[in-house]
1. Binning at 5 angstrom from zero up to the longest distance, how are the C-alpha pair distances of the stretch 224-378 distributed in percent?
2. Using alpha-carbon positions, what is the distance between the centroids of the stretch 426-482 and the stretch 207-258, in Å?
3. Can you give me the angle between helix 404-413 and the longest principal axis of the chain, using Cα atoms only, in degrees from 0 to 90, rounded to the nearest 10?
4. Taking the Cα centre of the stretch 224-378 as the origin, how large is its charge dipole in debye, to the nearest 20, when only Lys and Arg (+1) and Asp and Glu (-1) carry charge on their Cβ atoms?
5. Which listed residue (57, 235, 37) has the Cα farthest towards the positive end of the charge dipole for the chain, taking +1 on Lys and Arg C-beta and -1 on Asp and Glu C-beta about the Cα centre?
6. Can you pull out the GluC sites (Glu not before Pro) in the stretch 157-248 whose DSSP state is coil and whose Cβ has at most 11 other Cβ atoms within 10 Å?
7. Compute the signed sum of charges (Lys and Arg +1, Asp and Glu -1) over the other residues within less than 12 Å, Cβ to Cβ, of residue 458.
8. What percent antiparallel are the DSSP beta bridges of the stretch 224-378, to the nearest 5?
Amino acid sequence: MALAFDEYGRPFIILKEQEQKTRLSGLEAQKANISAGRAVSRILRTSLGPKGMDKMLQSPDGDVTITNDGATILEQMDVDNQIAKLMVELSRSQDYEIGDGTTGVVVMAGALLEQAERLLERGIHPIRIAEGYEMASRIAVEHLECIAQKFDFGPTNIEPLVQTCMTTLSSKIVNRCKRALAEISVKAVLSVADLERKDVNLDLIKVEGKVGGKLEDTELIYGITVDKDMSHPQMPKQIEDAKIAILTCPFEPPKPKTKHKVDIDTVEKFQTLRQQEQKYFDGMVQKCKDVGATLVICQWGFDDEANHLLMHQNLPAVRWVGGVELELIAIATGGRIVPRFQELTPEKLGRAGLVREKSFGTTKDKMLYIEHCANSRAVTIFIRGECNVEMLGRLFPVQCRIDWAFILFSFVFDDALGNKMMIEETKRSIHDALCVARNLIRNNFIVYGGGAAEISCSIAVEAVADKYPGVEQYAIRAFADALDAVPMALAENSGLQPIETLSAVKSQQLEENNPHFGIDCNDVGTNDMFEQNVFETLIGKQQQILLATQVVKMILKIDDVISPSDY
């Protein structure tokens, strides 16, 4: 596209290769954009809440992912439309900033777009709609602060954190073990948290998974796990009070930087070369022994001769350990990463109370556990998992039960696939729980879940709408209606009558002036989310409203779309 001027100085636009482009402008463009955004929102709407359905996504390589995490679903979808990509970015922003609520934010943005389309059809200018939405979002965010409650917790009182993490895990496949996983997540976050500064470094929490076992076998290790074993099968499998040398230099003789050639034409020359190599190896091993190391962890490999010498010198070793693991081991054990043998000193050794090798099942899989470290701020959540019938029931809807026997048969005989998918989904669930615990440490205010906060905000926004004399009051009322989309989706996904359920809960909130009432998704028998212990973080809910409003404003302000033709 280029801008040109005629002989009178009047500007006009030149579109290059016009026959290969399509152009939408005005109301037509806005409706097309809204339609694209709503299409993405409709996909995620059925995944909202504890009874939400999961999505199965297959990559071009054939890898299968089963999840109901909004950010993961949109990340792996092949989206071409630019407005739909904005919705993907919206979910990603919520994931980066908060870590939870990625589905809800897209559902809310879709509801706002739906309401905006109705206002556009009534002839209201998109800028006035955007301004009304901005006013309404400020009212909703301020109202959330009014109804929020402070949660007091500490290293000895972790129950409030656990209850909030359980709410997050309720909508995941792992909800049958939500209590245990929530406790593991909270303990992991508190282990690495600086409560005085209200800061949490999630990089210090390593989440590992191993196929096999049961989900209940998931454990929190106050240390580091490394997916390696001892370099020699005869080395000791358990070392107490270990002094660890962390090396990035290889156990091998030095090599010249230039091209070289060695001619060996006699046995004596070969023996001399071999003795010189052995002298190098002996010097390296002896250097580690002299500084007091009882375990060597090396980033590089070493040949059989060095391995043999290490075993005979009674110095256990682990090779081919990745750089990220080396850094975490150094942080956990208080050691220093040593790039040259000459720099190895006793002060640079890491210390751990126990280093042990653990085997899993009959597959000869082995892992190294480094526990009771000098600096316990680095921890590992080690996940086990299996694909059981309950998981299959969530993965496949009622319509698939004709093929139920075939599906069950396929999963039993491809157990590794089911286990791998289960572990990956558990990792995503644990990530959400860790982010929620981190957010509560940063800001320990909560609002009640189950759509209670959205219903309360909807009532507050609608009450204020009449105070605005301009056209914006229509947009403010539309914003209030859009907020009701989240509790309606929760009711619909739980098999309840959405309109009837929402009306009953909203009237209950108005009558009793109590913002705790929400949708009883789990059929407990009470709508009081305080009694059900369903909580969400205040900053997460505020971020949802603000991000959804900003994206919808951006979409409404687009009135001209020039795109390549489909043919």
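The values are calculated or read from the model by the stated rules, or taken from the named source; none is laboratory data. All of these numbers come straight from a predicted model, not from anything done at the bench. Ideal geometry is used to build each Cβ from the backbone, glycine not excepted, and the neighbour counts take in all protein chains shown. Areas reflect the complete protein model, heavy atoms only, side chains present, ligands, DNA and RNA absent. Shrake-Rupley method; radii C 1.70, N 1.55, O 1.52, S 1.80 Å.
1. Percent of pairs per bin, in order: 2, 9, 18, 21, 19, 12, 8, 5, 4, 2, 0, 0.
2. Value for the Cα centre distance between the two parts: 46 Å.
3. For helix 404-413, the angle is close to 20 degrees.
4. On the way: 22 positive and 21 negative charges, 57 e Å.
Computed about the Cα centre, the dipole is about 280 debye.
5. Towards the positive end, the residue furthest out is 235.
6. Numbers: sites: 183, 196, 208, 216, 219, 240; in loops: 196.
Qualifying residues, ordered by number: 196.
7. Values: positive: 477, 506; negative: 454, 462, 481, 484.
Net of charged neighbours comes to -2.
8. Numbers: 17 of 26 bridges.
Of all bridge pairs located within the stretch 224-378, approximately 65 percent are antiparallel.
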